[in-house]
Amino acid sequence: MQQARVDQFLEQVKASIPLVNHMGLHRITFENSEVCFQVSLAPNLNDKGTGFGGSISGLCTLAGWALTTLILIEQDLERSAVVKTGTIDFTAPVTSDFIVRCYCPEKDGADVLIEQVNAKGRGRLPIVAEILQDEKLAVRYAGDYVALDR
């Protein structure tokens, strides 16, 4: 998918989910069934001067939704995507601007999602979203997303 289409997607997200305008998300890339969010730390600070867990969790949840949605858009399969489950582990503080990297841990996960949607009108995508700080894993979110008929 061309970056211009991904940029347009980000503008649509900001228009339909007003909170996103306040989360420091300023760029999304989507390549090889992987989404990366470039995020500023400043609007996501807690009282300790590090990343606020609620903001970080929200951005990881949003990244999983964006990945699922962009995979579907790329295949001209407009569907509603929703989070079904999600768990998060915070293993180190987020102390600077960061990237949320989101992908499907299953090798053919995106293909399976598309096959399921084509066959049944709905499908499931497992995802992992990670944030690294100083080349060390700071946050790992794992979830399942579902594509539904509208």
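The values are calculated or read from the model by the stated rules, or taken from the named source; none is laboratory data. Predicted model, so just to flag it, every value in this text is computed and none were measured. Backbone-built Cβ (ideal geometry, glycine too); neighbour counts: all protein chains shown.
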- [ ] Could you identify the single residue in V94, V128 that is β-branched (V, I, T), part of a strand (DSSP E or B) and at pLDDT 95 or above?
- [x] V128
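Just to be sure I understand, how many residues within the stretch 103-125 are of a type in the set (D, E, K, R) and part of a strand (DSSP E or B)?
First pass over the stretch 103-125, keeping only residues of a type in the set (D, E, K, R): 106-108, 111, 115, 120, 122, 124.
Applying the additional criterion that residues be part of a strand (DSSP E or B) yields 124.
Going through the stretch 103-125 one residue at a time, the tally reaches 1.
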Open item on the list: Name the residue that is surrounded by the fewest Cβ atoms within 10 Å (Cβ to Cβ), counting only residues in the stretch 62-90 that are within 25 Å of N118 (Cα to Cα) and polar (S, T, N, Q).
Closed with: T85
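Select from the stretch 135-150 the residues that are outside any strand (DSSP E or B) and in contact (Cβ under 8 Å) with a residue 40 or more places away in the chain and write down the one among them that is surrounded by the most Cβ atoms within 10 Å (Cβ to Cβ). Give the derivation first.
Of the residues in the stretch 135-150, the ones outside any strand (DSSP E or B) are 135, 149-150.
Subset that is in contact (Cβ under 8 Å) with a residue 40 or more places away in the chain: 149-150.
Numbers: D149: 9, R150: 6.
So, considering only residues that are outside any strand (DSSP E or B) and in contact (Cβ under 8 Å) with a residue 40 or more places away in the chain, the one surrounded by the most Cβ atoms within 10 Å (Cβ to Cβ) is D149.
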Task: In the stretch 16-62, the residues that are of a type in the set (A, V, I, L, M, F, W, C), under 15 Å from the mean Cα position of the chain (by Cα) and over 23 Å from A4 (Cα atoms) - done: I56
Task: Meets criteria (in contact with a Phe, Trp or Tyr (Cβ under 8 Å, 6 or more places away or on another chain) and either on the phi > 0 side of the Ramachandran plot or touching a residue at least 12 places away in the same chain (Cβ under 8 Å) (or both)) for G24 - done: no
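Quick check on this structure: which one of S40, S55, S33, S16 is under 16 Å from V128 (Cα atoms) and of a type in the set (S, T, N, Q)? Show your work before the answer.
On the way: S40 fails: under 16 Å from V128 (Cα atoms); S55 fails: under 16 Å from V128 (Cα atoms); S16 fails: under 16 Å from V128 (Cα atoms).
Step by step, each of S40, S55, S33, S16 is checked, and only S33 is under 16 Å from V128 (Cα atoms) and of a type in the set (S, T, N, Q).
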